[in-house]
Amino acid sequence: MLEKINAPGFETLSRADDVVCRNVAAVIERGVTNPVIAEIGVGVGATSLELARILDNRGSLHLYDFESKLQELLADLAALGHRNVVGFGNTTKYWDSYNWSLLQQLARTDAPIYDYIYLD
């Protein structure tokens, strides 16, 4: 999927969100040693890639999107050495969405689990 970054037709999706990246870097600078970051919707993976770089295998990056997109992106990120990225995929069925996988993740604990959430 990362090969789509800067490819014709994907120009508007090819830049990582600077504000999000600065905010996640600030979480780490504040002393959160193992932050858990969520990105809901991955586009072509530009922000996901930059967040994985910022985390540098600390904490974890949780990605929510269609299963088919996540499989491709997770493989690309793993090939680059990012081992702390977890995908929570959903199908393309009409009533299925990231809401269900996010709800399941949140229901597993009584405490907050995310240090930062980016709704792309």
Task: Options Ile54, Ile28, Ile37: the member that is assigned to a strand (DSSP E or B) and over 18 Å from Glu3 (Cβ atoms) - done: Ile37
Task: Odd one out for Asp76 among (1) at pLDDT 90 or above; (2) in a helix (DSSP H, G or I); (3) out of contact with any Leu (no Cβ under 9 Å at 6 or more places or on another chain) - done: (3)
Open item on the list: Restricting to segment 97-111, and then to whatever is part of a helix (DSSP H, G or I) and hydrophobic (A, V, I, L, M, F, W, C), can you tell me which residue is surrounded by the most Cβ atoms within 10 Å (Cβ to Cβ)?
Closed with: Leu102
Open item on the list: If I ask for residues that are free of Cβ contacts under 8 Å to residues at least 12 places away in the same chain and open to solvent by 80 Å² or more (accessible area, probe 1.4 Å), which ones from segment 20-37 would you list?
Closed with: Arg22, Glu29, Arg30
Open item on the list: Out of everything in segment 81-96 that is assigned to a loop (DSSP other than H, G, I, E, B) and closer than 19 Å to Ile37 by Cα, what residue ends up being farthest from the chain's Cα centre (by Cα)?
Closed with: Gly81
Task: Residue that is most open to solvent (accessible area, probe 1.4 Å) [pool: residues in segment 48-73 that are out of contact with any strand residue (DSSP E or B) (no Cβ under 8 Å at 6 or more places or on another chain) and free of Cβ contacts under 8 Å to residues at least 40 places away in the same chain] - done: Arg53
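The values are calculated or read from the model by the stated rules, or taken from the named source; none is laboratory data. Since the structure is predicted, the reported quantities are computational estimates derived from the model, not experimental observations. In this analysis, Cβ positions are derived from the backbone assuming ideal geometry, glycine residues included, and neighbour counts consider all displayed protein chains. With ligands, DNA and RNA removed, areas are computed over all heavy atoms of the protein, side chains included. Shrake-Rupley method; radii C 1.70, N 1.55, O 1.52, S 1.80 Å.
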